[in-house]
1. Can you work out D for region 1-111 in µm² s⁻¹ from Stokes-Einstein, where Rh is the Kirkwood radius over C-alpha pairs, the temperature is 25 °C and the viscosity is 0.890 mPa s?
2. Taking every eigenvalue of the Cα gyration tensor of region 164-299, multiplying by 5 and rooting it, what semi-axes result, largest first, whole Å?
3. Tell me the relative contact order for region 10-298 as a rounded percent, counting alpha carbon contacts under 8 Å between residues six or more apart.
4. Select from L145, H205, S220 the residue farthest towards the positive end of the dipole of the chain; place +1 on Cβ of Lys and Arg, -1 on Cβ of Asp and Glu, and compute about the Cα centre.
5. Among S159, S36, what is the fewest-to-most ranking by other Cβ atoms within 10 Å?
6. Please rank T290, T77, fewest neighbouring Cβ atoms within 10 Å first, as an exposure proxy.
7. Could you work out the percent of alpha carbon pairs in region 88-147 separated by over 16 Å, rounded to a whole number?
8. Using the Kirkwood radius over Cα pairs, work out the Stokes-Einstein diffusion coefficient for region 255-295 at 25 °C and 0.890 mPa s, in µm²/s as a whole number.
Amino acid sequence: MRRGEHPSGAVVGGILAPHPPHLVYASNPPQNEPRSSGAGAWQELLAGYQRLRASLEARVYDVLVVHTPHWKTRTGTHFLGVPHFSGLSVDPIFPNLFRFQYELDVDVALSQSIHDHARDAGLSCQMMTNPEFRVDYGTLTSCHLVRPAGDLPVVAISSVRTAFDYCNEAGDQEMLALGRATRAAVEASGKSALCLASCSLSHRHYTTEPADPEDPAFESIHNENQAAWDRHILALMESGQSRRVFDEMPDFTDQCVAETRDGSLSWLLAAMDFPEVAGQVHGYGTVIGTGNAVVEWDLSR
Ligand SMILES: [Fe+2]
């Protein structure tokens, strides 16, 4: 949707928006306490996010709806249900890179409506109404990298444990239902939504860190099996085969120990109703050996 046009009630786009805190660290926003060393790793991913933001400048949307792997809920899918959250987010693995002071506005009406649609579809759901709740860094990082101004409300959706308790196929089927519920709620809301899957692709990673985590000499994909899967998934996205991405997701998740097990990408594909338009790959790169891609689907075309 171009500037000046404003659809009512539509998922106007989807973004694969990975959340390495490293990318926020390297960007040195005032909200983040650690300062980048400037050594220069992750340039292709940083450029990919820049290209995405440039592409989004010409588009109009009211709200970001993000599904995050780092808000893990034991029973059912949870939704942020308080109008505003603020606090300090510290990455538990990389506290040296991410200590981020955040302010987050929530579209509670849309959040509640997605909850209600999902509940009516038979999913176990709950609204998060604790004003002291600490928002997860997946939500914060993806939203910041997509829209650093932070001037739009957000709906954040947790990742339920179905794939871990049963199997990948069961998890993906639940995300199919959740994605459809999300789409139906957005359409009923009269708002235009940009949906974000906050996850990486291949996820086998190094378990040691150099003295300077930003040393570019340290970064490469963990192994060729992981790289081959990433190339395959990106080729499917670029050729508009999003349904096939969903169909192959259980194997991809298993063989790449992928963060997609938490459901974000499966949910996104379903929320977009499996678009046949090409996903635009703005950038691909590694962070501690994991494969990360910034991909945009423009559904207004
Ligand atoms: Fe992650």
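1. Values: Rh = 16.6 Å.
In µm²/s, the coefficient rounds to 148.
2. The three semi-axes for region 164-299 are 28, 17, 14 Å.
3. Numbers: 666 pairs, mean separation 89.9, N = 289.
Taking the mean separation of contacting Cα pairs over the length of region 10-298, I get 31 percent.
4. Highest projection toward the positive end goes to L145.
5. Sorted ascending by nearby Cβ count, the order is S36, S159.
6. T290, T77
7. So the portion of pairs separated by more than 16 Å is 57 percent.
8. 208
Here, each number is a calculation from the coordinates, and none is a lab measurement. All of these numbers come straight from a predicted model, not from anything done at the bench. Cβ coordinates were reconstructed from backbone atoms using ideal geometry, including for glycine residues, and neighbour counts include every protein chain displayed.
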